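These notes concern the structure reproduced below.
FYI, it's all coordinate maths here, none of it is from the lab. Remember, predicted model here, so these are calculated numbers, not experimental data. Positions of Cβ are backbone-derived with ideal geometry, glycine not excepted, and every protein chain shown enters the neighbour counts.
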Amino acid sequence: MDLAPPPAPPAPAAWMRLANPAVFNALADRLLLPLAVLTLAAFAFGLHGAFFASPADYQQGETVRIMYIHVPAAWLAMFAYAGMAVSALGTLVFRHPLADVAQKAAAPLGAGFTLICLLTGAIWGRPMWGTWWEWDARLTSVLILFLVYLGIMALWRAIDEPGRAARAVAILTLVGAANLPIIKFSVDWWYTLHQPAAVFRIDGPTIHPSMLVPLLVMGLAFLLLHLVLMLLRMKTELALRRIERLQIVAAERGGAG
Amino acid sequence: MTLPAPRFAPGLRLVAEGLAMRRGHRHLFAGLDLALASGGVLRLAGPNGSGKTTLIRLLAGFLKPEAGTIRWEGMPAEAEPALLIHYHGHREGLREALTPRENLAFAAALLGGEPGRIAPALATLGALPLADLPVHVLSAGQRRRVALARLLVAPRPVWLLDEPLAALDQAGQALIGALLAAHRAAGGLAVVATHQPIAVEAAILDLGARGAALSGEREA
Amino acid sequence: MTTLRAIMIRELRLARRIGAGAGLGLVFFLILIALVPFAVGPDQKLIGRIAPAILWIAALLATLLGLDRLLQADEDEGVTDQLLLAGTPLPLILLVKALAHWLATGLPLAIAAPMLGLMLAIEPAAMLPLTLSLLVGTPTLTLIGLIGAALTVSLRRGGLLLAILVLPLTIPTLIFGVTIVREAAAGRAVATPLMLLGGVTLLMVVIGPVAAAAALRLARN
Amino acid sequence: MSGSHAGFILAAYGATALILAAMIGASLLGWRSARRRLAALEAGRGPAGPRAPDLRAP
């Protein structure tokens, strides 16, 4: 019988080490401040570019500047959902506790970005459509994404036991992810069906290069803000779970069995 | 933090005559009489399903008997029975999302107790350390103690307790005996449904035996 | 008086703690309204004409949604028994619970309605009357719902039955509510339907809690 | 910038600033309250308040 000591377990993959809240908290604390500073810089540079260093649109005039927040918000709405879908896999397949926390942290942020995209889209379209809301195919798809986000947030609040809630939401998120492309297609089809005439599309002409730089910088600014808030909300979520555990310990320690 | 002992009017009497109650087609009990005066403790014995809970809920006024009457004699002038009664059932009447302190504060406002009595009542039941934890993290025994604290938060002369010893450990059960003794000394009365003996001297009404005799009569 | 205040405080605290309840009515309201154009098509004129009906039916269904939570949790955890022993009459207690429920569902709907009206191309003139009609009408939906909730509290899956019991009783409120918005959209006076709507609500403020209290006492055995 | 256009831009950027502020504010408040509750629980004092002597009713 081979008595050699078992080989030392391979150092856990980086992802697994993050499962330990202390490791994550230490990393988050180190990253938060620099990321916050970067976010502010990106916003400053982006807004400057958006207002001063780029031309007005020959057709829409100045209102095209709304694009610099509408489009990044749309990017982040989808980026946050993609992040949640990946975390959902992390929860269901790898049972990674940090994935649960990442999922829960991302939902309200994603909803916020989607709401920004909706409002700015409606305001941007107002001069063209003459109404505050037009069931435009793209805007309507964003509305549905917003409703899916609200559903996910409602499910988070409905189930109080963290572990079970994370798995339930993971399933809903993945089902949503599978359905969003189908929704996008069916809404486009629905819109063109009723609106054969080519109505002025919201994304306007191809983007002029001088507009591209501010747009990308604003996109980066939104992304950095998302990451900062994600780290903050994940730390909060880890703290809330620890509070729940400590309460149970306090209950046991409280005796009176 | 002392708990001032309540003083109850001595003249109170519960008189029930010819009570009959059925569950579905089965007769639980019929022609049941009972009388209990201030300072009295009555233990309802008998196996599960012998009608202990039903009788307690009848006395609490939650149910109407099929036959017979329930009278309260010597009641203070404008009071009505419901204001004299504390009911303690299987379901503790505590909302899980709230903490013991919040639940008892609500009970105090609802049943006419004083908020000042909450901490001493919890302390008497040995549950003060649990005061601000959400009830959903508490064990069954701890919830039972918090619910029993309600009896002390809003002093009322009549205690109707349905299986108060359930989920309690030895210390808890002795505590119930002490509370009942104190209640009796203050001039209150109590009806306790339990199949375990309680550590206080009490008259016993065995519904199990009555039920057997009852069904025996009908078949004979 | 303190008892009623304590009940309201507890209801609001519970609504905040158990998050599922509070915003749910509003989200359901938003989803219902978003569904209509997909069925009807993005044609603004058509949607604008049926907008009053959509908004009111959505408000009705959204209120119905949160109703089974109104009495069920207290019943399951044995709190209802304690309510029967309270110094304050049960109908008053139930009226306060209905008010707390309305603050979490009916009121937000009335406030959000104008913005959602925009999505349904409602006439600007009808915005304020829409909110007014919802403010006056949704309490009735909650109060009728209170009776339904009390009747079905001891049933395991009472939710569906509750809807079936409650919906027919809400028809007058629906008729007056929608008429107010349609008359306003057409620029005509709304006083009469508004009075009628208010009348029904006042009637239900009395009937609702009393009937619900009786139903709850019935559900004791 | 022509008048009406400025109005729309202001509305769009204003709404965005409002929502971003709400997201940031909610996250910060959430973190602060969690940290305070955690500190209280870990310090052993716990929200349960000070231990009190167990007094039987006389």
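Can you give the calculated 222 nm mean residue ellipticity of the protein assembly as shown, where each DSSP H run of n ≥ 4 adds -39,500 (n - 2.57) and the sum is split over every residue, rounded to the nearest 500 deg cm²/dmol?
Values: 25 runs with 488 residues, N = 756.
For the protein assembly as shown, the value works out to -22000 deg cm²/dmol.
Binned at 10 Å from 0, what are the whole-percent values of the Cα-Cα distance distribution for region A:1-136, short to long?
Distribution as computed: 10, 24, 27, 18, 12, 4, 2, 1, 0 percent.
Once each part is reduced to its C-alpha centroid, what is the distance from region B:56-73 to region C:88-156 in angstrom?
Using only Cα atoms to place each centre, the spacing works out to 38 Å.
I need the phi-derived Karplus couplings for region C:48-56: 6.51 cos²θ - 1.76 cosθ + 1.60, θ = phi - 60°, integer Hz, Gly and Pro marked x.
x, 5, 8, 4, x, 5, 4, 4, 6
Each residue of region A:31-45 in order: what ³J(HN,Hα) in whole Hz does its phi give by Karplus 6.51 cos²θ - 1.76 cosθ + 1.60, θ = phi - 60°, with x for Gly and Pro?
With coefficients 6.51, -1.76 and 1.60, one gets 7, 4, 5, x, 4, 4, 4, 4, 4, 4, 4, 4, 4, 4, 5 Hz.
Which distance in nm do the two modelled labels at C:Arg17 and C:Met195 give, with both placed 7 Å along the Cα-to-Cβ direction?
4.7
For the pair C:Ser154 and B:Arg71, what calculated FRET efficiency results from E = 1/(1 + (r/R0)^6), where r is the Cβ-Cβ distance and R0 = 25 Å, to the nearest 0.05?
On the way: r = 29 Å, r/R0 = 1.15.
With R0 = 25 Å, the Cβ-Cβ based efficiency is 0.30.
May I ask for the longest run of chain B untouched by GluC sites (Glu not before Pro) that are loop-located per DSSP and have at most 13 neighbouring C-beta atoms (other than their own) within 10 Å?
On the way: sites that count: B:Glu66, B:Glu78, B:Glu201.
Longest site-free region, per DSSP loop and neighbour criteria: B:79-200.
Work out, step by step, the length gained on full extension between A:Ala158 and A:Leu40: first 0.36 nm times the residue separation, then minus their alpha carbon distance; give nm to one decimal. Walk me through the numbers before you get to the answer.
Values: separation 118, 0.36 × 118 = 42.48 nm, distance 3.54 nm.
So the chain would gain 38.9 nm between A:Ala158 and A:Leu40.
Starting from one equal scatterer on each C-alpha and no solvent at all, send me the Debye-based log10 I(q)/I(0) for chain C at q = 0.08, 0.10, 0.12 Å⁻¹, two decimals.
-0.29, -0.45, -0.63
For the pair A:Leu216 and A:Trp189, how long in nm is the line joining their label points, each one 7 Å along Cα→Cβ?
Going from the A:Leu216 label point to the A:Trp189 one covers 3.6 nm.
Separation between the A:Thr131 and C:Ala186 pseudo-spin-labels, each 7 Å from Cα along Cα→Cβ, expressed in nm?
2.1
How high is the FRET efficiency between C:Ile171 and C:Leu202 when r is their beta carbon distance and R₀ equals 22 Å, given to the nearest 0.05?
Computed FRET efficiency for C:Ile171 and C:Leu202: 0.80.
Taking neighbour counts of Cβ atoms within 10 Å as a proxy for exposure, in what order, fewest first, do A:His96, B:His27, C:His101 appear?
Ordered from fewest to most neighbouring Cβ atoms within 10 Å, A:His96, B:His27, C:His101 come out as B:His27, A:His96, C:His101.
When a footprinting reagent is the concern and you count Cβ atoms within 10 Å, what order do C:Met1, A:Met230 take, fewest first?
So the ranking, lowest neighbour count to highest, is C:Met1, A:Met230.
Can you give the Rg to Rh ratio of chain A, both from alpha-carbon atoms, with Rh computed by the Kirkwood formula? Could you put the intermediate results ahead of the total?
Working: Rg = 22.7 Å, Rh = 21.0 Å.
A ratio of 1.08.
Taking the C-alpha atoms of the protein assembly as shown, how large are the radius of gyration and the largest Cα-Cα span, Dmax, in Å?
31.6, 105
Report for the protein assembly as shown the percent antiparallel among DSSP-assigned beta bridges with both residues inside it, nearest 5. Write down the numbers at each step before the final one.
Working: 15 of 32 bridges.
That works out to approximately 45 percent antiparallel.
Hey, what do the phi angles of region B:73-90 turn into as Karplus ³J(HN,Hα) couplings, whole Hz, using 6.51/-1.76/1.60 and θ = phi - 60°, x for Gly and Pro?
Calculated HN-Hα couplings, in order: 9, x, 7, x, 3, 7, 6, 10, x, 4, 7, 9, 9, 10, 10, 10, x, 4 Hz.
Return the long-range amide H neighbours of B:Leu28 (sequence gap of 5 or more, or a different chain), with a cut-off of under 5 Å between placed amide H atoms.
Amide H neighbours of B:Leu28: B:Met21, B:Arg22, B:Arg23.
Just want the ordering: C:Ile164, C:Ile147, B:Ile198, A:Ile248, from fewest to most Cβ atoms lying within 10 Å of their own Cβ.
C:Ile164, A:Ile248, B:Ile198, C:Ile147
Report, by chain and number, residues whose modeled amide H sits under 5 Å from the one on B:Arg43, excluding near sequence neighbours (fewer than 5 apart, same chain).
B:Val192, B:Ala203, B:Ile204, B:Leu205
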